[in-house]
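These notes are about the structure you will find just below.
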Amino acid sequence: MQRRDFLVFAGLLIAGCATTKPSAPPDAQGMRFSEAERKTITSFYSQAGGRVSTGAVPAQRAKAGDLLDSGQRPSKLPIELAKRLPDLPNPYTRLILGADVLLVNRDSHAILDVIPQIAY
């Protein structure tokens with residue numbers, strides 16, 4: 001009986017270890033626009049005639065930590081701007097929602113960072 005109990009316990013222990021959830025990527029919470037990316041995006045939109053905030057920033061449509069709603073339809077960055085920026089690791093992407101430029105996790109739809117009121 002003891003041997004059988006031990007084997008059952010060992011089997012359950014091994015099965016439990018094999019089914020643990022993988023942890024989130026360590027950089028998921030710390031993923032943000034770098035200063036160089038912010039400068040490139042701001043420069044691009046100021047040259048293209050976009051709005052660059054000077055002074056008080058109007059209320060944002062999106063905030064870091066929010067999730068994209070299913071009704072929201074963000075668009076991709078212009079190709080000329082995307083070429084100037086470094087590639088992001090999967091599953092991250094940059095999108096435009098209204099006048100905000102967002103850094104988003106495509107898998108979870110989590111908004112990780114926002115450059116507010118810059119694009120139009």
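At-a-glance table
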{"quantity": "Residues satisfying the stated conditions in the range 65-87, i.e. surrounded by fewer than 14 Cβ atoms within 10 Å (Cβ to Cβ) and among the hydrophobic types (A, V, I, L, M, F, W, C)", "calculated": "67, 79, 82"}
{"quantity": "Condition broken by residue 106, with the remaining ones in (1) surrounded by 14 or more Cβ atoms within 10 Å (Cβ to Cβ); (2) at pLDDT below 95 satisfied", "calculated": "(1)"}
{"quantity": "Every pair of residues 6+ apart whose Cβ atoms lie under 7 Å, when the first sits in the range 72-99 and is without any contact (Cβ under 8 Å) to a residue 24 or more places away in the chain and among the β-branched types (Val, Ile, Thr) while the second is surrounded by fewer than 16 Cβ atoms within 10 Å (Cβ to Cβ) and not in a loop (DSSP other than H, G, I, E, B)", "calculated": "96/75"}
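The values are calculated or read from the model by the stated rules, or taken from the named source; none is laboratory data. Keep in mind it's a predicted model, so treat the numbers as computed, not measured. Cβ sites come from the backbone with ideal geometry, for glycine too, and all protein chains shown count toward neighbours.
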